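Chemist: What follows is a single structure, and I will ask about it in a moment.
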Amino acid sequence: MMGVRTILGQWRSTAKEVWDRTLIVAKFLCVLHVTNTYICTPTLVYGPSMLPTLNLTGDVILAERISTRLGKVGPGDIVLVRSPENPRKTVSKRVMGMEGDRVTFLVDPKKSDRCRTIVGDNVYASRDSRHFGPVPCGLIQAKVFFRIWPPEGFGSLRQGE
Amino acid sequence: MGNASFLWNAMTKSITGGLIALTISDRYASIVSVHGLSMYPTFNSSTNTFLGSLSDDYVLVEKFCLANYKFTDGDVIVFRSPNNHKEKHIKRIIAMPGDWIKVPHSYDMLKIPEGHCWVEGDNSASSLDSRSFGPVPLGLVQGRVTHIVWPPQRVGQVRRSIPEGRFSL
């Protein structure tokens, strides 16, 4: 006959197992979060603004976060940037050199030395620094370096290739 | 032999604990210390210079607001400086996108562009804020300050408030 103590014992062992499993999942999610935020993250990018480098219908690319955290992002790099017009959108663009059009900004780009001008490869279908000016380095989230999907495009996306 | 496995155990446990703490502080809430007097008297209102940085206020910064970037006038936010992405500032939002704000020391009215906000410190006399570097893109915001957690005599909620005399439509 099942006494109260046996039922309690079973409940306790089940609860312990549930707790252990939950802890393993939580640890895994934490590792995933830290990897995606500080090291490298896969992203789906789509849209016409980076044609022909990136496809219209969507590419899965790998973007690394270490260079952006150190500020080592230079001309020619493809970067993921949080849009200055809508913070909920992350866009992919290419970094241009600091020289460029002479436009008057509220903040002098020479004084905020942490500004980058970003332009889409497809200049006809891209909203970029020609519309909203140079963006602060703090908005640059990651640097794209590799494409993993579609398979025809598998390979490095580094500057010059 | 026992020492090596004890050390290994301790190391893995502390790495795991560190990862969990980092995730929580990135996604949910974290505690940061406030340096400087730009938000006097909301933060650091004890002007006891003898203790120096020991008397800095510690505040709770919540990150749930970053899911939708829904802020309102009067929120105190933590954001990355537009001039130096390694620095973070704490200021109060005075105007949101679409609002018009009067530019100090001039007769201009400036419209806050889409996706930006105008921030100012509560202590206008000694605050480096939007009056110097212009509207701040909301993408630079790292969190919203909700409570002061140290020192104990000032523990409490940080209220939303617009300072007097900032006429914004």
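Chemist: Considering only strands (runs of 3 or more DSSP E) fully contained in the range B:58-154, which possess at least 3 residues that are within 22 Å of A:Cys115 (Cβ to Cβ)?
Modeler: Counting at least 3 such residues, we get B:76-80, B:88-95, B:116-120.
Chemist: What pairs come out if I take residues in the range A:50-69 that are touching a residue at least 12 places away in the same chain (Cβ under 8 Å) and among the aliphatic types (A, V, I, L, M) and pair them with residues that are outside any strand (DSSP E or B) and surrounded by 15 or more Cβ atoms within 10 Å (Cβ to Cβ) whose C-beta lies under 6 Å away, six or more apart or interchain?
Modeler: Close Cβ pairs (under 6 Å, with a partner that is outside any strand (DSSP E or B) and surrounded by 15 or more Cβ atoms within 10 Å (Cβ to Cβ)) amount to A:Met50/A:Gly120; A:Met50/A:Asp121; A:Leu51/A:Asn122.
Chemist: What are the residues in the range A:127-161 that are loosely packed, with under 15 Cβ neighbours inside 10 Å and within 14 Å of chain B (Cβ to nearest Cβ), if any?
Modeler: The answer is A:Arg127, A:His131.
Chemist: For the range B:89-140, enumerate the residues that are touching a Gly at 6+ places or on another chain (Cβ under 6 Å) and over 19 Å from A:Leu139 (Cβ atoms).
Modeler: Matches in the range B:89-140: B:Ser127 only.
Chemist: Follow-up. Pairs only if they're at least six apart or on different chains, beta carbon under 6 angstrom, first in the range B:21-45 and of a type in the set (Val, Ile, Thr), second assigned to a loop (DSSP other than H, G, I, E, B); list them, first residue then second.
Modeler: What qualifies is B:Val34/B:Phe43; B:Val34/B:Asn44; B:Val34/B:Asp56; B:Thr42/B:Asp122.
Residue by residue, here is whether (1) in contact (Cβ under 8 Å) with a residue 60 or more places away in the chain; (2) under 30 Å from A:His131 (Cα atoms); (3) of a type in the set (A, V, I, L, M) holds:
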position: B:Asp57; (1), (2), (3): yes, no, no
position: B:Asp73; (1), (2), (3): yes, yes, no
position: B:Ile93; (1), (2), (3): no, yes, yes
position: B:Asp99; (1), (2), (3): yes, yes, no
position: B:Glu114; (1), (2), (3): no, yes, no
position: B:Ser132; (1), (2), (3): no, yes, no
position: B:Val136; (1), (2), (3): no, yes, yes
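A quick yes/no check of all residues on (1) surrounded by fewer than 14 Cβ atoms within 10 Å (Cβ to Cβ); (2) within 12 Å of chain A (Cβ to nearest Cβ); (3) touching an Asp or Glu at 6+ places or on another chain (Cβ under 9 Å); (4) not charged (D, E, K, R):
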{"position": "B:Ala10", "(1), (2), (3), (4)": "yes, no, no, yes"}
{"position": "B:Thr23", "(1), (2), (3), (4)": "no, yes, no, yes"}
{"position": "B:Ser33", "(1), (2), (3), (4)": "yes, no, yes, yes"}
{"position": "B:Lys88", "(1), (2), (3), (4)": "no, yes, no, no"}
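Chemist: Say whether the condition of being of a type outside the set (Val, Ile, Thr) and at the interface with another protein chain (Cβ under 10 Å from one of its Cβ atoms) is met by at least one residue in the range A:3-17.
Modeler: Scanning the range A:3-17 turns up no residue that is of a type outside the set (Val, Ile, Thr) and at the interface with another protein chain (Cβ under 10 Å from one of its Cβ atoms).
Chemist: Please enumerate the residues belonging to the range A:60-88 that are more than 20 Å from A:Ile39 (Cβ to Cβ) and modelled with pLDDT of 90 or more.
Modeler: A:Ser83, A:Pro84, A:Glu85, A:Asn86, A:Pro87, A:Arg88
Chemist: As an exercise: evaluate B:Pro82 against (1) in contact (Cβ under 8 Å) with a residue 12 or more places away in the chain; (2) farther than 25 Å from A:His33 by Cβ; (3) open to solvent by 20 Å² or more (accessible area, probe 1.4 Å); (4) within 14 Å of another protein chain (Cβ to nearest Cβ) and give the number of the one condition it does not meet.
Modeler: Exception for B:Pro82: condition (3).
Chemist: When the residues of the range B:102-124 are filtered to those that are among the hydrophobic types (A, V, I, L, M, F, W, C) and surrounded by fewer than 21 Cβ atoms within 10 Å (Cβ to Cβ), which remaining residue is farthest from the other protein chains (Cβ to nearest Cβ)? Explain how you work it out, then say what you get.
Modeler: So in the range B:102-124, the residues among the hydrophobic types (A, V, I, L, M, F, W, C) come out as B:103, B:109-110, B:112, B:117-119.
When the remaining residues are screened for being surrounded by fewer than 21 Cβ atoms within 10 Å (Cβ to Cβ), the result is B:103, B:109-110.
Numbers: B:Val103: 9, B:Met109: 13, B:Leu110: 8 Å.
Among residues in the range B:102-124 that are among the hydrophobic types (A, V, I, L, M, F, W, C) and surrounded by fewer than 21 Cβ atoms within 10 Å (Cβ to Cβ), the one farthest from the other protein chains (Cβ to nearest Cβ) is B:Met109.
Chemist: What are the residues in the range A:105-118 that are at pLDDT 50 or above and surrounded by 17 or more Cβ atoms within 10 Å (Cβ to Cβ), if any?
Modeler: A:Arg114, A:Cys115, A:Arg116, A:Thr117, A:Ile118
The values are calculated or read from the model by the stated rules, or taken from the named source; none is laboratory data. Everything numeric here is computed off the predicted structure, so don't read it as measured data. Glycine also receives a Cβ, built like all others from the backbone with ideal geometry; neighbour counts cover every protein chain displayed. Just the protein is used for accessible areas: all its heavy atoms, side chains included, with ligands, DNA and RNA removed. Shrake-Rupley method; radii C 1.70, N 1.55, O 1.52, S 1.80 Å.
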